[in-house]
Amino acid sequence: MNNDPRHIRISDYQYELPDDRIAKFPKARRDQSKLLIYNKGEIGEDVFCRLPEYLPKGALMVFNNTKVIQARMHFRKQSATGEPSGALIEVFLLEPAEPADYEQMFQTTGHCAWYCLVGNLKKWKEGTLKREFLAEPDGEGGRTEALRFTLKATRGPLHGTSHRIDFEWDGPMSFAEVIDLMGELPIPPYLNRETQASDKTTYQTVYSKIKGSVAAPTAGLHFTPEVLADLDAHGIEREELTLHVGAGTFKPVKSEQMEGHEMHTEYISVRRETITKLLNHDCKAIAVGTTSVRTLESLYYMGLKILANPDLTEDQLHVSQWEPYHNGDCPQCDTQRSLQALADWMDSRGLEVLHSSTQIIICPGYDYKIVRMLVTNFHQPQSTLLLLVSAFVGGDWRQIYDYALTHGFRFLSYGDSSLLIP
């Protein structure tokens, strides 16, 4: 690949998005959202529930099954007498620090640590924040009576743009239960509204399973059990992987050229069986959402690393931001060979699930290795997600977005959807 995306000017990816085109709430029925179909340069539209009719029988469709956690917590500063002083501190969970594994984190009791963004930081110079909360009886046979607990938050050192926050609580509850009780679902900032009770349902995909994201993989919000059943009836094979979406997904590009923008690291889990299915489908897949795209495409570069050095650990398989464009240490090869190397490497270590991370940025000039069709929403102007779409449709993004803007499509997380076939 000779193109250098670091010199792409983000201003070339600007378009006018009126506020009234940003969907503040989803459709009453998820699968009744509009569907734009871009097929090799031709554009049409339909209703999302008819998506399976546009997909080739026997294809493999890949979903991100991450689940959004209630990652936003609020504490009040306390006075010397222990009374709340009024200063409201927001603690926003980003990624686990101790234990570092997501699954272990949500099962831990008594103490854990996260890397967090802190709102109103200047009011929290020192000391420990405390918040009492009430755990109601668990109707499924857990707690038989209401119990009161105290959660403490102690600020630690700076970690990049976030802080390490140590949490302690005086009860037998897991951290998953703690944040379910006192956390708040972090809906996107551009919705410009408070989280509502309905968001707890509507801002999760119907197939979400693995807790860890602070933002939803929104392309999946349109699917219903009926659409999934229709995919099965149309002979579309479904497979799931996990990428935990970080707050960096909303990070604006502030540099003129892309070389000044640093992508956030996201943590992925991919089953060995998923690699087999990809190999059986000639390493081609339909991706649901940009998070599935980044995970699938990262697998190819992980396989290249293994071909160059089979002794790498899972952590060392991390795909850095510009690696696909300057991959001198790992010469490119056909996708089948790369994924087979990854599969063999997992087998040699007895791994049923690959746990690693990616920082991949997909810009015009990128050569897609696995994704052949993409289901995705309409993204913000001057965003890295718009760059990914442009790369996928050979630079034809403006035609797609002009059509959506002039044909009543709703934009961003709760907006309408598109099927892109380059």
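The values are calculated or read from the model by the stated rules, or taken from the named source; none is laboratory data. Quantities reported herein were computed from a predicted structural model and do not represent experimental measurements. As a convention, Cβ positions derive from the backbone with ideal geometry for all residues, glycine included, and neighbour counts pool all protein chains shown. The protein model used for the area step is the full one, side chains on, heavy atoms only, and it has no ligands, DNA or RNA in it. Shrake-Rupley method; radii C 1.70, N 1.55, O 1.52, S 1.80 Å.
Here is a check on your reading of the model: is ILE362 modelled with pLDDT of 95 or more, part of a loop (DSSP other than H, G, I, E, B) and crowded, with 17+ Cβ neighbours inside 10 Å?
Details: modelled with pLDDT of 95 or more: yes; part of a loop (DSSP other than H, G, I, E, B): yes; crowded, with 17+ Cβ neighbours inside 10 Å: yes.
Taking the combined requirement at face value, the residue satisfies it.
Just one of the listed residues (ASP199, ASP166, ASP232) is open to solvent by 40 Å² or more (accessible area, probe 1.4 Å) and of a type outside the set (A, V, I, L, M), namely ASP232.
Here is a yes/no grid of residues against (1) assigned to a strand (DSSP E or B); (2) acidic (Asp, Glu); (3) in contact with a strand residue (DSSP E or B) (Cβ under 6 Å, 6 or more places away or on another chain); (4) under 23 Å from ASP315 (Cβ atoms):
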{"site": "ALA216", "(1), (2), (3), (4)": "no, no, yes, no"}
{"site": "GLY220", "(1), (2), (3), (4)": "no, no, yes, no"}
{"site": "ASP230", "(1), (2), (3), (4)": "no, yes, no, no"}
{"site": "PRO252", "(1), (2), (3), (4)": "no, no, no, no"}
{"site": "MET263", "(1), (2), (3), (4)": "no, no, no, yes"}
{"site": "VAL270", "(1), (2), (3), (4)": "yes, no, yes, yes"}
{"site": "LEU279", "(1), (2), (3), (4)": "no, no, no, no"}
{"site": "LEU299", "(1), (2), (3), (4)": "no, no, no, yes"}
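Condition (residue is open to solvent by less than 10 Å² (accessible area, probe 1.4 Å), over 19 Å from SER213 (Cβ atoms) and among the polar types (S, T, N, Q)) applied to the stretch 291-300: is it met by at least one residue? No - not one qualifying residue is present in the stretch 291-300. Would you check if there is a residue in the stretch 326-337 being modelled with pLDDT of 95 or more and open to solvent by 30 Å² or more (accessible area, probe 1.4 Å)? The answer is yes, given that some residue of the stretch 326-337 is modelled with pLDDT of 95 or more and open to solvent by 30 Å² or more (accessible area, probe 1.4 Å).
Quick one: how many residues across the stretch 22-35 are of a type outside the set (Gly, Ala, Ser) and either in contact with a helix residue (DSSP H, G or I) (Cβ under 6 Å, 6 or more places away or on another chain) or buried (at least 21 other Cβ atoms within 10 Å of the Cβ) (or both)?
In the first step, residues of the stretch 22-35 are kept if they are of a type outside the set (Gly, Ala, Ser); the result is 22, 24-27, 29-32, 34-35.
So of that shortlist, the ones also either in contact with a helix residue (DSSP H, G or I) (Cβ under 6 Å, 6 or more places away or on another chain) or buried (at least 21 other Cβ atoms within 10 Å of the Cβ) (or both) come out as 24, 26, 30-31, 35.
Number satisfying all stated conditions: 5.
Quick check on this structure: which one of GLU45, GLU53 is out of contact with any helix residue (DSSP H, G or I) (no Cβ under 7 Å at 6 or more places or on another chain), exposed (fewer than 13 other Cβ atoms within 10 Å of the Cβ) and either without any contact (Cβ under 8 Å) to a residue 24 or more places away in the chain or under 30 Å from GLY408 (Cβ atoms) (or both)? From the options GLU45, GLU53, the qualifying one is GLU53.
For GLY260, indicate whether it is free of Cβ contacts under 8 Å to residues at least 60 places away in the same chain and farther than 24 Å from SER417 by Cβ. Here the answer is yes, as GLY260 does meet what is asked. Applying the criterion of at least 1 residues that are among the aliphatic types (A, V, I, L, M) to the helices (runs of 4 or more DSSP H) found wholly in the stretch 100-202 leaves 102-107, 175-182. Quick check: is even one residue across the stretch 60-79 surrounded by fewer than 19 Cβ atoms within 10 Å (Cβ to Cβ), among the hydroxyl-bearing types (Ser, Thr, Tyr), at pLDDT below 95 and over 30 Å from GLU256 (Cα atoms)? Taking every residue of the stretch 60-79 in turn, at least one turns out to be surrounded by fewer than 19 Cβ atoms within 10 Å (Cβ to Cβ), among the hydroxyl-bearing types (Ser, Thr, Tyr), at pLDDT below 95 and over 30 Å from GLU256 (Cα atoms). Quick check on the stretch 387-422: of everything there that is among the hydrophobic types (A, V, I, L, M, F, W, C) and assigned to a loop (DSSP other than H, G, I, E, B), which residue is nearest to LYS24 (Cα to Cα)? This residue is LEU412. Scanning the stretch 202-224 for residues that are closer than 21 Å to HIS355 by Cβ and open to solvent by 40 Å² or more (accessible area, probe 1.4 Å) returns LYS209, ILE210, LYS211. Look at HIS379 and say whether it is more than 18 Å from VAL253 (Cβ to Cβ), open to solvent by 10 Å² or more (accessible area, probe 1.4 Å) and within 19 Å of the chain's Cα centre (by Cα). Criteria not met by HIS379.
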